[in-house]
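Heads up: the structure comes next, in C-alpha cells.
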Amino acid sequence: MKTNYVFTNTLSKQFYLLVLLSSFLISSCTVQYVAQYDETVKNEIIRIAGEVDKFFIEQLEMTENERTYLYAKEKYLMIEVDLNSLLTKNEIRALNNQSIKQNELALKLWLDDKEQHKKKDKVSDAIINSHRSQFKRIFIAMAKGEEVKN
C-alpha cells in the first residue's frame, strides 16, 4: 500500500506541475490580431516622412526672419492633407488601432507646430531640429509598425 501512495503522490505532483506550467504558458501567450501588411501604406509613410524632413531642411536653410508662417503655410497644408489621407487609409483597415494612434499623434503634432508657427510667425533652429528629430522617430515607428504586419 505504501508504494501505491508514493506512486499516487508522485502522479499528483506531476499533475500539479503540469497544470501550473500549462496555466503559465496559456496566460503568457496572448493572441493579438492586427491589420494585414500593406506595402502601399508603408511607402506612403516613407514618402510623407521625406516631405516633412524636406520641409524642416528648407526651413533651416533660411534665416529665422525669413521663416514666416505665410512662407510655410502652403507646405503645412500639403503635409496636413497627406497625414489626413494616411489616417483615412489606416482607419479603413480593420484591426489597425496602433497605426491609427501613431498617425493621430503625428497629425496632432503637425497641427500644433503649424499653430505655434502661425502665432509666433517664426521658428528657431532649435525648435526645427527638435521637431525634425521627433517626426523622424514617429515615422520610423509607423513604418516599422507596418512592416511587423508582414
Rg(Cα) / (2.2 N^0.38 Å) computed for the range 55-132, rounded to two decimals: 1.23
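If we sort 61-71, 105-115 on the protection proxy, mean other Cβ atoms within 10 Å, highest first, what's the order? Provide the component values of the computation, followed by the final result.
Details: 61-71: 12.5, 105-115: 16.2.
Listed from highest to lowest mean packing, they are 105-115, 61-71.
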Built amide H within the under 5 Å cut-off of THR68, gap 5+: none
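FYI, it's all coordinate maths here, none of it is from the lab. None of these values were measured; they are calculated from a predicted model. Note that each Cβ is placed from the backbone with ideal geometry, even for glycine, and that neighbours are counted across all protein chains shown.
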